[in-house]
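As structure tokens, the structure follows; a few thoughts come after it.
Computed from the coordinates by the stated procedures, all read-outs in this text should not be read as laboratory data. Quick caveat: nothing in here was measured; it's all calculated off a predicted structure. Reconstructed Cβ throughout: ideal geometry from the backbone, glycine too, with neighbour counts over all protein chains shown.
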Amino acid sequence: MIAIVDYGAGNIFSVKNALDYLGMESKLTDNPAELEAADEVILPGVGAFPAAMKMLEAKGLATVLKEQAQKKPLLGICLGMQMLLEKSYEFEECAGLGLIPGTVERMDAPGLIIPHMGWNKLEMGIPCPLLRNLPAESYVYFVHSYAARNCENALAAWVEYGGKVPAMVYDGGHVFGAQFHPEKSGEVGLQILRNFGGLV
């Protein structure tokens with residue numbers, strides 16, 4: 001069973017619908033006991049980093065997520081990926097979960113529109129089990145104004161948008177982050193979710 005963390009700032013229903021389509025059992029929850037009982041955890045997110053971290057902490061979920069990330073696969077999506085990093089500078093300096101080294105900073109793409117919205121081709125970095133069995137040219141869908149920085153050692157994939165924009169991070173163990181939306185990325189995104197479900 002995959003627990004989708006429902007803390008008030010997530011694109012939870014589109015993620016749940018994608019997992020339902022794939023026949024993967026999942027549950028929306030903000031209950032720490034259910035996160036502990038799950039086989040895998042997805043941390044979705046849209047909105048501002050500081051507000052989302054405050055909601056996680058108010059529900060007692062930040063500590064639980066850090067503990068569970070040592071034991072089972074955890075996938076952060078969009079803002080959920082950013083919260084896996086050490087800190088963000090969106091509006092104010094704010095600590096993240098610290099599961100992957102790196103920071104979150106405003107995108108700098110001279111001459112291009114921010115927010116970055118649309119489809120981009122993945123370029124592969126370190127080997128990552130979520131990126132197996134993808135087409136040679138795999139396009140995924142983004143919507144974001146802030147991006148990961150200083151995460152080169154965990155960089156599993158990136159795209160070009162006024163420079164190198166981290167698309168997926170991986171700690172080499174249980175923790176994965178996708179800046180793009182797999183649930184909105186067609187067959188490529190569904191394959192990434194299948195790969196995640198196949199980890200256990």
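Our note on the geometry: Cα centres of the range 44-65 and the range 146-186, 20 Å apart. Close Lys pairs in the chain, defined as Cα atoms under 14 Å apart and 8 or more places apart or on different chains, number 4.
Given the rule -39500 (n - 2.57) for each run of at least 4 DSSP H residues, summed and divided by the residues of the chain, what is its mean residue ellipticity at 222 nm, to the nearest 500 deg cm²/dmol?
-7000 deg cm²/dmol
Under 5 Å between amide hydrogens, built in the peptide plane, is the criterion, and for Ala156 it picks out Ile126, Met168, Val169, Tyr170 among residues at least 5 positions away or on other chains. Under 5 Å between amide hydrogens, built in the peptide plane, is the criterion, and for Gly98 it picks out Leu85, Glu86 among residues at least 5 positions away or on other chains.
How big is the Kirkwood radius of the range 70-167, worked out from every pair of different alpha carbons and given in Å to one decimal?
Across the range 70-167, the inverse of the average 1/r is 14.2 Å.
The share of alpha-carbon pairs in the range 90-129 lying farther apart than 16 Å comes to 63%.
Nearest 5 is fine: what % of DSSP beta bridges in the chain come out antiparallel, could you say?
In the chain, DSSP labels about 60 percent of beta bridges as antiparallel.
The slack in the chain from Asn153 to Leu199, taken as 0.36 nm per residue of separation less the alpha-carbon distance, amounts to 14.4 nm. Going through [x] 1.12; [y] 1.00; [z] 0.93, the figure that equals Rg/Rh (Cα atoms, Kirkwood Rh) as computed for the structure here is [z]. 3J(HN,Hα) couplings calculated from phi for the range 193-200 with the Karplus curve 6.51 cos²θ - 1.76 cosθ + 1.60 (θ = phi - 60°) are, in sequence order, 5, 4, 4, 4, x, x, 6, 10 Hz; Gly and Pro show x.
Bin width 5 Å, alpha-carbon pairs only: give the P(r) of the range 1-117 as whole percents, running from 0 to the bin holding the largest distance. Each 5 Å bin holds this share of Cα pairs: 2, 12, 22, 24, 18, 12, 7, 3, 1, 0.
Within the range 156-189, name every residue whose backbone N is under 16 Å away from a label modeled 7 Å from Cα of Ile126 along the Cβ vector. The answer is 156-158, 166-179.
If both residues of a DSSP beta bridge must be in the range 51-159, then about 90% of such bridges are antiparallel. Considering the range 57-113 at the alpha-carbon level, its Rg and Dmax are found to be 13.2, 43 Å. A simple spin-label model places pseudo-atoms 7 Å from Cα toward Cβ; at Lys59 and Ser145 they are separated by 2.4 nm.
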